Amino acid sequence: MDTPEVDVCVVGGGIIGLATAYQITRRFPDHQVIVLEKEKVLAQHQSGRNSGVLHSGIYYKPGSLKSINCREGRLAMQNFCEQHDIPHEICGKVIVATEESELGRLDDIYQRGQKNGVDCVKLNVDQLRAIEPYCRGIAAVQVKNAGIIDYRRVCFRLCELILEHGGEIHTNTRLLGVTHVKKQVILETNNGAFQASLVVNCAGLQSDRVAKMCGQQPEVKIVPFRGEYYELSEKAQHLCRNLIYPVPDPAFPFLGIHVTRTIFGSVECGPNAVLAFAREGYRKWDVNLRDLWDAVGYRGLHKLAAKHWSVGFEEIRRSYFQSAFLASLQRLVPAVRAKDLIAAPAGVRAQALRKDGSLVDDFVIQKEGNFIHVLNAPSPAATASLNIGAFIAEKAADVLDA
């Protein structure tokens, strides 16, 4: 049986992989593009298990990939949703300082927002209460161009557009091995082999392993952190009008329990962040021995834990004791009670970690010969996905135009 030959093979059917395939089919309409996804349905992991926020780019270092792609990507995503009738809403959010020690960091965030072209304003207590009456704080920054969105719907529409442009989506297709034959790449899967001129690794939680399979030695390792959520009961949903965020810790910008209204009308609280015992471990006792050993045997995790053990302990406490989770939540919204919290589905964050124990905060996209690897794409990757896809399509040009 002949091996199908294609120009581009994208590994991973999440929002980054689909946005990349979509942008490549638009830029190179005469090239054959396929997407390989190991699950039976697209967007089963990070893309379908996030808080559904359309981010503004206020937090990120000016000039970073996150900053640039988030700002431009948000506008692209809004236009895409308007063009394709995908539910979204620009509702705004508030970032709230609850004590004096947070005021300096709040001002730093505001200054970054100004440099990043974000529509944001400072709020005093009365102005905050006018926007979020049940929120407790001593000062806040309002981010007017943040919003909410259904990213799963975005993924499904991207799939349709890829197919309309002549691409192919192969679900239930797991990558097993990669070999080079002259200038081509052979990808072995459980559904046969494919031959490609260019491979784009958008495998998310498995991206470092796919990179190794492709012969690379990535400088980072993916360590999975499970984010656990609660929903507010229907009677308590009035306690949050839109999006309420705490002032983040600069060392751990993805930590901090926030309260967000979703595009579906519910209100989510979370997440905390604890080490997952499996890369796709959405429940506390989901264990994959290979994944667990890969994480706990990694020197970078040892150094992170040694330096920040108290932060990790607090996250674990919030995971196992609802009262601890509630106490953190009540710092922002004091009226929430334990009876108002309903357990909601968890997500797992693919956090890239260096050997020295430092968290990789920016996007990491590397090109090596016939391969482009997306080795770190944390939040706001979903917001920025269309722009990231266009960025990767630009990197692909020297192979596809050859």
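Are any residues in region 357-375 out of contact with any Pro (no Cβ under 7 Å at 6 or more places or on another chain) and more than 15 Å from Gly17 (Cβ to Cβ), and if so, which ones?
Gly357, Ser358, Leu359, Val360, Asp362, Val364, Gln366, Lys367, Glu368, Gly369, Asn370
Evaluate region 300-311: report whether one residue or more is modelled with pLDDT of 95 or more and either in contact with a Cys (Cβ under 6 Å, 6 or more places away or on another chain) or under 24 Å from His45 (Cβ atoms) (or both).
yes
Among the residues of region 210-231, how many are out of contact with any His (no Cβ under 9 Å at 6 or more places or on another chain) and either in contact (Cβ under 8 Å) with a residue 12 or more places away in the chain or assigned to a loop (DSSP other than H, G, I, E, B) (or both)?
15
Identify the single condition in (1) outside the structural domain of Leu163 (by TED's automatic domain parsing); (2) aliphatic (A, V, I, L, M); (3) touching a Gly at 6+ places or on another chain (Cβ under 6 Å) that Ala19 does not satisfy, given that it satisfies every other one.
(1)
For region 374-390, enumerate the residues that are outside any strand (DSSP E or B), at pLDDT below 95 and touching a strand residue (DSSP E or B) at 6+ places or on another chain (Cβ under 7 Å).
If the condition is that a residue be outside any strand (DSSP E or B), at pLDDT below 95 and touching a strand residue (DSSP E or B) at 6+ places or on another chain (Cβ under 7 Å), then Pro378 is the only one that fits.
Would you point out the residue of region 1-55, among those that are part of a helix (DSSP H, G or I) and of a type in the set (Ser, Thr, Tyr), that is farthest from Ile149 (Cα to Cα)?
Thr25
How many residues are over 14 Å from Tyr59 (Cβ atoms) and in contact (Cβ under 8 Å) with a residue 12 or more places away in the chain if we restrict to region 103-132?
Total satisfying the criteria: 11.
Go through (1) over 22 Å from Tyr60 (Cβ atoms); (2) buried (at least 23 other Cβ atoms within 10 Å of the Cβ); (3) in contact with a strand residue (DSSP E or B) (Cβ under 9 Å, 6 or more places away or on another chain) one by one and return the number of the condition Phe371 breaks.
All conditions pass for Phe371, except number (2).
Can you tell me which of (1) out of contact with any helix residue (DSSP H, G or I) (no Cβ under 7 Å at 6 or more places or on another chain); (2) on the phi < 0 side of the Ramachandran plot is the one Ile86 doesn't meet?
(1)
From the list Arg337, Arg354, Arg317, Arg349, which one is in contact with a Pro (Cβ under 8 Å, 6 or more places away or on another chain) and either surrounded by fewer than 17 Cβ atoms within 10 Å (Cβ to Cβ) or charged (D, E, K, R) (or both)?
On the way: Arg337 fails: in contact with a Pro (Cβ under 8 Å, 6 or more places away or on another chain); Arg354 fails: in contact with a Pro (Cβ under 8 Å, 6 or more places away or on another chain); Arg317 fails: in contact with a Pro (Cβ under 8 Å, 6 or more places away or on another chain).
Every option except Arg349 fails the conditions.
Scan region 207-220 for residues that are surrounded by fewer than 22 Cβ atoms within 10 Å (Cβ to Cβ) and either modelled with pLDDT of 95 or more or under 17 Å from Leu301 (Cβ atoms) (or both) and jot them down.
Answer for region 207-220, where residues must be surrounded by fewer than 22 Cβ atoms within 10 Å (Cβ to Cβ) and either modelled with pLDDT of 95 or more or under 17 Å from Leu301 (Cβ atoms) (or both): Arg209, Lys212, Met213, Pro218, Glu219, Val220.
Please find, within region 162-206, the residue that is nearest to Arg49 (Cα to Cα) out of those that are among the polar types (S, T, N, Q) and buried (at least 19 other Cβ atoms within 10 Å of the Cβ).
Gln206
Among the candidates Arg283, Arg241, single out the residue that is more than 21 Å from the chain's Cα centre (by Cα), under 30 Å from Ala335 (Cβ atoms), assigned by TED's automatic domain parsing to the domain that holds Asp340 and not in a helix (DSSP H, G or I).
Of the residues listed, the single one that is more than 21 Å from the chain's Cα centre (by Cα), under 30 Å from Ala335 (Cβ atoms), assigned by TED's automatic domain parsing to the domain that holds Asp340 and not in a helix (DSSP H, G or I) is Arg241.
Might you check whether a residue that is out of contact with any Pro (no Cβ under 9 Å at 6 or more places or on another chain), crowded, with 20+ Cβ neighbours inside 10 Å, part of a loop (DSSP other than H, G, I, E, B) and not polar (S, T, N, Q) occurs anywhere in region 297-305?
No.
Can you give me the number of residues within region 178-209 that are assigned to a strand (DSSP E or B) and on the phi < 0 side of the Ramachandran plot? Write out each step before concluding.
Our first condition is that a residue be assigned to a strand (DSSP E or B); within region 178-209, this holds for 178-181, 184-189, 192-201.
From the residues that got through so far, the ones that are on the phi < 0 side of the Ramachandran plot too are 178-181, 184-189, 193-201.
Going through region 178-209 one residue at a time, the tally reaches 19.
Find the residue count for region 56-75, including only residues that are surrounded by 21 or more Cβ atoms within 10 Å (Cβ to Cβ) and either at pLDDT 90 or above or touching a Pro at 6+ places or on another chain (Cβ under 9 Å) (or both).
Number of matching residues: 10.
Do we have Glu82 as at pLDDT below 95, part of a helix (DSSP H, G or I), among the charged types (D, E, K, R) and within 29 Å of Ile16 (Cβ to Cβ) here?
no
The values are calculated or read from the model by the stated rules, or taken from the named source; none is laboratory data. Everything numeric in this text was worked out from a predicted model, so none of it was measured. Here the Cβ is made from the backbone with ideal geometry for all residues, glycine too, and neighbour counts use every protein chain on show.
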